[in-house]
Structures are given as structure tokens and as C-alpha cells.
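Heads up, the thing below is written out as C-alpha cells.
Since every read-out is calculated from the coordinates, none of them should be taken as a lab result. These figures come from a predicted structure and were not determined experimentally. Quick reminder, even Gly has a Cβ in these numbers, built from the backbone with ideal geometry, and neighbours come from all protein chains shown.
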Amino acid sequence: MSKTKETLCLTFPPEVSGQPVVCNLVRINDLDFNILKARISPKQEGQMTLEIIGDRKQCRAGMRYLKELGVKITPVAQKIQRIEDSCVHCGLCTALCPTKALRMDLNSREVLFLREKCSACGLCTSLCPVRAMVLETENGIWEAIAEGA
Amino acid sequence: MNKPKMVKKTIREINDRISKGQAVVLTAREMIDAVKSMGKVVAAREVDVVTTGTFSPMCSSGLLFNMGQPEPPLIKASKVWLNDVPAYGGLAAVDAFLGATEPSEDDPLNKVYPGRFNYGGGHVIEDLLKGEKVHLRALGYGTDCYPRRTMERDYALEDFRSAELLNPRNAYQNYNCAVNFSDKLIYTYMGPLKPRCANANYATSGALSPLFNDPFFRTIGLGTKIFLGGGIGWVIGAGTQHNPKPLRTERGLPLTPSGTLMVKGDLKGMQSRYLRGVSFLGYGCSLSVGIGVPIPILDEEMAWFTGVSDGDIMIPVVDYGHDYPNGVARNHGHVSYADLRSGAIRVGERETATVPLTSYTLSLEIAQTLKQWIESGTFTLGEAQEHIFSE
Ligand code: SF4
Ligand code: SF4
């Protein structure tokens with residue numbers, strides 16, 4: 001059976017922050033996973049960007065499991081933002097951007113960020129040397145500076 | 001170089017015109033067309049100063065500071081940290097030097113590869129310019145004259161007795177275009193390089209770059225006054241690794257990384273817009289530095305040099321997958337800076353996407369800002385007291 005990959009932005013309420021949710025999630029539903037980003041806020045809320053890999057049914061069951069625990073799921077699309085004041089238009093991020101959402105305008109020599117093309121893969125958040133590319137959630141911006149996985 | 005000149009001006013004459021608000025100043029970009037349309041002799045008569053600019057990561061940069069003595073007893077601070085980034089304390093009692101590439105002490109470095117290097121010396125410098133306080137920690141070993149052993153205090157930039165940006169090597173004249181012929185992705189100080197030469201990363205601001213506009217350092221030396229980090233700085237000599245005798249094109253432009261500058265300036269007059277802490281994935285921390293050098297147009301030869309265009313500049317293509325780390329002195333030919341700017345170059349058989357590291361927009365902004373300073377009469381030229389050897 002073919003596998004799908006879902007990237008999820010998860011927000012854990014304080015009461016589940018301490019539990020081995022991800023561990024159970026993948027064990028019960030037989031999923032592979034990849035933690036792209038994780039952090040616990042000062043309010044004890046956990047936030048995580050998680051990739052789950054498995055067949056479609058398992059992925060859906062996994063998401064149901066999370067919802068039952070009170071974990072909020074937001075699809076990851078359109079979650080990458082550029083802090084415009086911070087970007088120096090060097091162009092380095094264009095090296096790895098897989099969708100060409102980040103591209104150099106050859107006339108103005110400015111780097112364009114075409115948000116609608118962005119797949120929120122997150123590569124640019126660790127690549128941008130001045131950390132102008134950030135992951136944004138309902139709780140505000142996740143500093144790329146918060147440790148990655 | 002030794003033909004008699006038809007135009008002859010001195011820096012003193014140019015400064016007189018600047019003070020009177022009469023100097024004609026062009027950016028290096030504007031000078032290209034000026035020389036093309038007027039010819040070098042007329043351009044030399046008409047134009048007094050050409051301004052250049054670059055904004056790029058420059059690892060050999062740092063901050064020389066004096067923290068002042070704390071409440072008695074006094075200290076000889078031999079180990080010093082700013083926001084947990086170690087500074088070098090092997091100087092007089094409360095002097096220390098913070099290097100731009102020093103990571104914070106608890107950084108995991110490349111243990112989790114590729115490391116992120118979130119915070120280092122360059123970031124401390126930027127934070128100070130943003131008006132933030134940094135936490136200073138110092139240890140002394142205790143002497144009869146300096147009995148204190150520890151000191152801890154928060155410092156804003158103005159709290160330092162002195163804070164001097166002191167950069168041993170900046171503004172490289174030409175730089176490699178980096179590619180990777182190996183079959184795995186690598187992370188370098190030139191950014192990430194995909195396997196099998198899938199991208200080519202390059203630095204320098206091309207025709208705007210200071211040392212391409214005066215390739216033999218005729219006007220640049222100790223005492224040249226410059227735009228540094230948004231404030232005033234000075235060239236204090238050749239930078240480390242300065243190569244005075246590179247191979248050159250017919251125009252005199254070096255074909256390899258060659259000339260460099262050592263510069264300094266008072267950090268208290270600088271701006272965070274032009275000094276940015278940077279983190280290179282898998283490589284380390286650094287500081288992006290904004291530098292603009294004014295070039296006095298003393299004669300038609302200087303007009304000709306400053307008329308340099310992107311098509312004249314030839315950049316060597318170097319393999320960072322194998323050759324560079326192993327010290328193999330070889331390149332895969334040269335490409336022009338104009339080719340690099342076009343978005344793709346040919347390396348051997350394949351077409352390769354080009355990726356810049358130097359901000360062109362900020363480089364141009366620096367050249368334009370310096371032009372305004374000179375036009376308004378607030379910035380006059382410094383006369384080099386000792387020249388930097390280059391031939
Ligand atoms: S790497 Fe960062 S600073 Fe450079 S152009 Fe991309 S977003 Fe802007
Ligand atoms: S998140 Fe990925 S796709 Fe989106 S801009 Fe960054 S590198 Fe490109």
C-alpha cells in the first residue's frame with residue numbers, strides 16, 4: 001500500500017504536554033514520524049511540527065487519536081512567514097527552496113517570497129542566516145531559534 | 001600606468017569642493033555609464049568621487065572593548081563572556097576582544113549535524129546596536145593589585161568605556177564561486193552546496209565592490225575614511241591574507257581572491273541595519289558587515305578603473321566538495337559576475353543555478369548613502385598615509 005506523508009502543526013494543552021503522546025500515536029497506529037520542531041511555551045503549552053508517514057487510513061486514525069486527547073491540529077500550509085524588516089535580500093535561501101517560492105528577481109535584485117507556492121517544508125527557517133524566515137502559529141511566531149528536532 | 005595624465009586632482013582639492021557642496025559624486029553603478037558615454041578623460045574632469053558598497057558575511061571581524069572597572073575591589077578580567085559568548089581576555093585588566101565567529105559556550109556545534117549556530121559574537125554586536133543589554137561575566141585569578149575574582153553586570157552599548165569594531169580582514173577583492181562535485185549535500189561558509197554541482201554560490205557585490213574599483217590600491221591605504229556598519233570607519237592597513245600579486249585580467253582585475261582590508265571604527269556610531277549577526281547552517285556564526293569606500297577620481301586612470309562593469313569581473317569556480325577542504329589549488333575555469341547575476345552559469349557540461357550571499361540591494365544602498373553623506377558635505381575624504389602594496 002502506498003504511504004502518505006502529513007505535516008501537522010500540533011498544540012498540546014498543558015495537561016497532555018507531559019505525556020508520551022507522540023510515542024503512543026505512532027505505536028498504536030503503526031506510523032513513522034519525524035519531529036521537525038518542538039518546544040514548550042512558558043505557559044506549559046507544547047508546540048510541535050510533526051511529520052507522520054503511513055498509509056492514509058492510519059494517518060487519519062492518528063489524527064483522530066490526537067484530537068481525542070485535546071491536541072489542536074492546524075495544517076501546516078501557509079505557516080511560513082518572512083519578517084520583512086529582517087530580510088537582507090541576500091538570496092541564500094533560494095539555494096534549497098524546493099518549490100521556488102523564494103526566488104531572486106533578476107531586475108530589482110530583491111528576493112521574492114511567493115507564499116502561495118510555499119509548501120512549508122521549513123528548510124529556509126534554518127538556512128536563512130539572519131533568521132528572517134519563521135514558522136508562524138496561532139500562538140504567534142515560533143522563533144527559528146527555538147531548537148529544532 | 002606611468003603615462004602622463006591629462007587630468008590631475010588632489011584629495012585636498014576634492015575635499016575643498018566637498019566642503020563647499022560642489023563635489024560631483026556618483027555611485028560605482030552610475031559611473032559605468034558615465035565613463036562609457038563621456039570617456040575616461042572627460043569623466044575624470046567631471047566626477048570627483050565614486051562611492052562603492054558591499055554587504056556580506058565577513059568572518060574576520062570583531063569588537064575590541066573596554067568594560068571599565070566595577071565597584072572596588074578591581075579585577076583583572078582574564079576570562080570574559082558576553083551573553084555566554086567567550087571573548088578573549090588576554091589583554092590589559094578590563095580590555096577584551098570578541099570575535100564574530102565565536103559561538104555561545106553551550107552551542108551544540110555540529111554534534112547534531114548540520115548545526116544551527118544560533119548565537120555568537122556577531123549576534124552580540126547586533127544586539128548591542130539594537131539597544132539591547134548584554135550580560136557580561138568575567139573571572140579574574142586575583143592579584144595584589146586586582147583582588148576581585150568575579151564580576152557580572154548587564155551592559156548597554158553606551159556603558160562600555162569604549163567599543164571599537166576592529167576587523168582584521170574585510171572586503172575581499174574577488175572571491176570564489178563555490179560548487180560541489182561530490183555526491184552528497186555539504187554545508188559550507190558559502191552556504192549549502194547540493195551534490196553534482198547543482199548550485200553555485202557566490203559573494204561580492206561585483207561592480208559595486210570597493211576593491212574592484214581600485215584594483216591596485218592607488219587611493220586606499222592606512223587613513224582612508226570609509227562607511228563602516230552605518231557609521232564612520234577607517235582603513236588601517238592591508239587585511240590578513242592580503243595577496244599583493246595576483247594574476248590579473250587585462251583591466252587589472254584579480255582572477256583569484258586577493259586584496260583585503262583591515263578596518264576599524266567606533267561601534268557607538270554604527271547601526272544594526274548594517275551589522276548583522278548571521279548563522280550558517282552546518283558551518284558557524286559570523287557577522288555581515290556593510291562597507292563603503294569612497295574612491296577619489298584623481299585622474300583618468302581612476303575614472304577608467306571605477307568604470308568597471310559586472311561583465312569585466314571574472315570569478316573562479318572552485319569545488320568545495322573535494323578540492324577546497326583538501327587544499328587542492330585548482331579551479332574549474334572562470335565565469336563573469338554578469339553571468340552569475342543572470343541566475344545560471346555553465347560549469348563544464350551542466351547548467352547550474354547561481355545563489356548569491358552578498359546582498360545587492362544593501363550594497364547599493366550603502367553606496368548611495370555614502371554618496372549622500374559626501375554630497376551634503378558631512379563626509380570628507382581621508383588621505384592614505386601609507387599605501388597597501390598591490391601590483
Ligand atoms: S536567506 Fe534570509 S535574508 Fe537572505 S534573502 Fe532569504 S530570507 Fe532574506
Ligand atoms: S518553507 Fe520550504 S517551500 Fe516554503 S519558502 Fe521555505 S524552503 Fe521554500
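On a 0 to 90 degree scale, rounded to 10, what angle separates helix A:56-68 from the longest Cα axis of chain A?
Relative to chain A, helix A:56-68 is tipped by roughly 80 degrees.
Name the residue farthest towards the positive end of the dipole of the protein assembly as shown from the options B:324, B:65, B:125, assuming +1 on Cβ of Lys and Arg, -1 on Cβ of Asp and Glu, about the Cα centre.
B:324
Can you give me the long-range amide H partners of residue B:87? Hydrogens built in the peptide plane at 1.01 Å from N, cutoff under 5 Å, separation of 5 or more residues or another chain.
HN-HN under 5 Å from residue B:87: B:80, B:81, B:82.
Give the whole-number value, in cubic angstrom per residue, of the convex hull volume spanned by the C-alpha atoms of the protein assembly as shown. Intermediate results must be reported in sequence, preceding the final value.
Numbers: hull volume 96.1 nm³, N = 540.
Expressed per residue, the convex hull around the Cα atoms of the protein assembly as shown is 178 Å³.
Under the rule of at least 5 residues apart or a separate chain, name every residue whose amide H is placed under 5 Å from the amide H of residue B:231.
Counting only residues 5 or more places away or on other chains, the set is B:271.
For each of B:322, A:89, B:334, count neighbouring Cβ atoms within 10 Å of the residue's Cβ, then give the residues from fewest to most. Write down the numbers at each step before the final one.
Numbers: B:322 12, A:89 18, B:334 15.
Least crowded to most crowded, the residues run B:322, B:334, A:89.
Sequence neighbours fewer than 8 away in the same chain don't count; with that in mind, list the aspartates and glutamates whose C-alpha is under 20 Å from residue B:130.
A:84, A:85, A:143, B:84, B:102, B:154, B:158, B:159, B:164, B:266, B:365
Would you mind listing how long the stretch B:305-363 runs along its three principal axes, going by Cα atoms, in whole Å with the largest first?
36, 25, 21
Given the options B:289, B:210, B:358, identify the residue whose Cα lies farthest towards the positive end of the charge dipole of the protein assembly as shown (+1 on Cβ of Lys, Arg; -1 on Cβ of Asp, Glu).
Farthest towards the positive end: B:358.
Evaluate the distance, in nm, between pseudo-label points positioned 7 Å from the Cα of residue A:136 and of residue A:19 along their respective Cα→Cβ axes.
Reported label-point gap for residue A:136 and residue A:19 is 3.2 nm.
Once you've got the Cα coordinates, tell me which of B:76/B:225; B:3/B:36; B:9/B:371; B:8/B:40 are over 23 Å apart.
Distance filter (> 23 Å) returns B:76/B:225.
Eight or more residues apart or on different chains, and alpha-carbon atoms under 23 Å: count the Lys pairs in chain A matching that.
24
What FRET efficiency, computed as 1/(1 + (r/R0)^6) with R0 = 30 Å and r the Cβ-Cβ distance, is obtained for residue A:108 and residue B:372, rounded to the nearest 0.05? Working shown, then result.
Details: r = 21 Å, r/R0 = 0.69.
Calculated transfer efficiency: 0.90.
Could you tell me the relative contact order of chain B? Use alpha-carbon pairs under 8 Å, at least six residues apart, and round to a whole percent. Mind showing how you got there, number by number?
Details: 1070 pairs, mean separation 101.4, N = 391.
Relative contact order here is 26 percent.
Which residues does the label zone of residue B:154 cover in the stretch B:54-85, counting backbone N under 20 Å from a point 7 Å along Cα→Cβ?
Answer for this model: B:67-71, B:81-85.
For the pair residue B:79/residue B:185, report the inter-label distance in nm, with labels modelled 7 Å from Cα in the Cβ direction.
Taking the simple label geometry, residue B:79 and residue B:185 are separated by 3.8 nm.
Need one number: convex hull volume per residue for the stretch A:4-75, Cα atoms only, in Å³. The partial results should precede the final answer.
Working: hull volume 5.1 nm³, N = 72.
So the per-residue hull volume is 71 Å³.
How much length would be gained if the chain were fully extended between residue B:113 and residue B:386, taking 0.36 nm per residue of separation minus their Cα-Cα distance, in nm to one decimal? Walk me through the numbers on the way to the answer.
Values: separation 273, 0.36 × 273 = 98.28 nm, distance 4.57 nm.
This chain segment gains 93.7 nm when fully extended.
Enumerate the calculated ³J(HN,Hα) couplings along the stretch A:94-104 in order (Karplus 6.51 cos²θ - 1.76 cosθ + 1.60, θ = phi - 60°), each rounded to whole Hz, writing x wherever the residue is Gly or Pro.
Once θ is set to phi - 60°, the couplings for the stretch A:94-104 become 5, 4, 10, 4, x, 9, 6, 5, 9, 8, 7 Hz.
Short version: ³J(HN,Hα) in whole Hz for each residue of the stretch B:81-98, in order, from phi by Karplus 6.51 cos²θ - 1.76 cosθ + 1.60 (θ = phi - 60°), x for Gly and Pro, what are they?
10, 10, 6, 6, 9, x, 10, 8, x, x, 10, 4, 2, 10, 9, 7, 10, 10
Within 10 Å of each Cβ in B:48-59, how many Cβ atoms from other chains are there, averaged over the peptide?
Numbers: counts 0, 0, 0, 0, 0, 0, 0, 3, 2, 3, 0, 0.
The mean count of partner-chain Cβ atoms within 10 Å per residue comes to 1.
Grab the beta carbon distance between residue B:322 and residue B:249, set R0 = 30 Å, and tell me the FRET efficiency rounded to 0.05.
Working: r = 27 Å, r/R0 = 0.91.
After rounding to 0.05, the efficiency reads 0.65.
Give me the distance in nm between label points sitting 7 Å out from Cα along the Cα-to-Cβ direction at residue B:132 and residue A:100, one decimal.
Here the answer is 3.7 nm between the modelled labels.
What is the average number of partner chain Cβ atoms found within 10 Å of a Cβ in B:353-365?
Numbers: counts 4, 4, 8, 9, 5, 4, 10, 8, 9, 4, 1, 1, 0.
Partner-chain Cβ atoms within 10 Å, mean over residues of B:353-365: 5.
Which whole-Hz couplings ³J(HN,Hα) result when phi for each residue of the stretch B:224-240 is put into the Karplus expression 6.51 cos²θ - 1.76 cosθ + 1.60, θ = phi - 60°, listed in order with x for Gly and Pro?
6, 8, 9, 7, 9, x, x, x, 9, x, 9, 6, 10, x, 5, x, 4
Considering every residue in A:121-132, what mean count of other chain Cβ atoms within 10 Å of its Cβ is obtained?
On the way: counts 0, 0, 2, 0, 1, 7, 9, 3, 15, 8, 6, 0.
For peptide A:121-132, the averaged partner shielding equals 4.
Tell me which residues come under 5 Å, amide H to amide H, from residue B:355 once H is placed; ignore anything under 5 positions away on its chain.
Long-range HN contacts for residue B:355: B:200, B:201, B:202.
Can you give the FRET efficiency for residue A:115 and residue B:66, using 1/(1 + (r/R0)^6), R0 = 60 Å, r = Cβ-Cβ distance, to the nearest 0.05? Please list the in-between numbers first.
Details: r = 47 Å, r/R0 = 0.78.
For residue A:115 and residue B:66, the calculated efficiency is 0.80.
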